[in-house]
Amino acid sequence: MTEWILSWPTWQMTRVLGIGSYLMLFVGMSLGMLYSYPFVKGPSKARVYNWHIRFTNGGTLLALLHMAVLVIDTYTPFTWGELLIPFTAHDHPVIYGIGTLALYGMLVLILTSDLRPKLKRKVWLAIHMLAYPIYLLALFHGILAGTDTQLGLVQFMYGATLIVTVGLFLGRATVKKKPGAAKNRDVVAKSG
């Protein structure tokens, strides 16, 4: 069994899982921002919320797999300690530490979202707003640690996703909130 696992194309797997994780998190974050736009209403709002959760959870799962494959990689293997303790990697500790922090941040966001009914709204919202710096950590980790970053398509992907994210963020920041919007948002979130 060990030989079979060691024969896996781990370097390719970790690259695919890393990029897949980043793209799923980007889509999840984009849907989370779209959720607060006033044109997203009724059943569409519930669908956007549900897909936001699915993509965010799926991206986090892929990030966990991305990390786990690095332990069995034969080219540049990492220890569990190097992956779980930020900034302790034998190679590029800061770059890989940023990835570890992004993963921990994603796990905190998922956990606190599950605990949302038990948390005060202001506490949950303050924690949930950490999604923006966590996204930036994941982006920087991908750009700096990714061996495919020199490829034009990958550079385009990172640039385009950053532009879309900033655009949605700015749009969200300028959208006028209607009275009672927070109450409607909580009702939809509880129904999801």
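Below, the figures for the structure above:
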read-out: Reachable aspartates and glutamates from residue 45, criterion Cα separation under 12 angstrom, eight or more residues apart if same chain; value: 186
read-out: Rounded tilt (10° steps) of 93-114 against the dominant C-alpha axis of the chain; value: 40 degrees
read-out: Accessible surface, per residue, of the chain when the full set of protein chains is kept, probe 1.4 Å, Å²; value: 58 Å²
read-out: Using alpha-carbon coordinates, inclination of helix 131-145 to the longest axis of the chain, degrees; value: 20 degrees
read-out: Degrees between helix 181-191 axis and first principal axis of the chain (Cα, 0 to 90, nearest 10); value: 60 degrees
read-out: MRE, 222 nm, helices only [DSSP H, n ≥ 4, -39500 (n - 2.57), over the chain, to nearest 500]; value: -25500 deg cm²/dmol
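The values are calculated or read from the model by the stated rules, or taken from the named source; none is laboratory data. Just so you know, these numbers come straight off a predicted model, no measurement behind them. We work out accessible area using only protein heavy atoms, side chains counted, and drop any ligands, DNA or RNA first. Shrake-Rupley method; radii C 1.70, N 1.55, O 1.52, S 1.80 Å.
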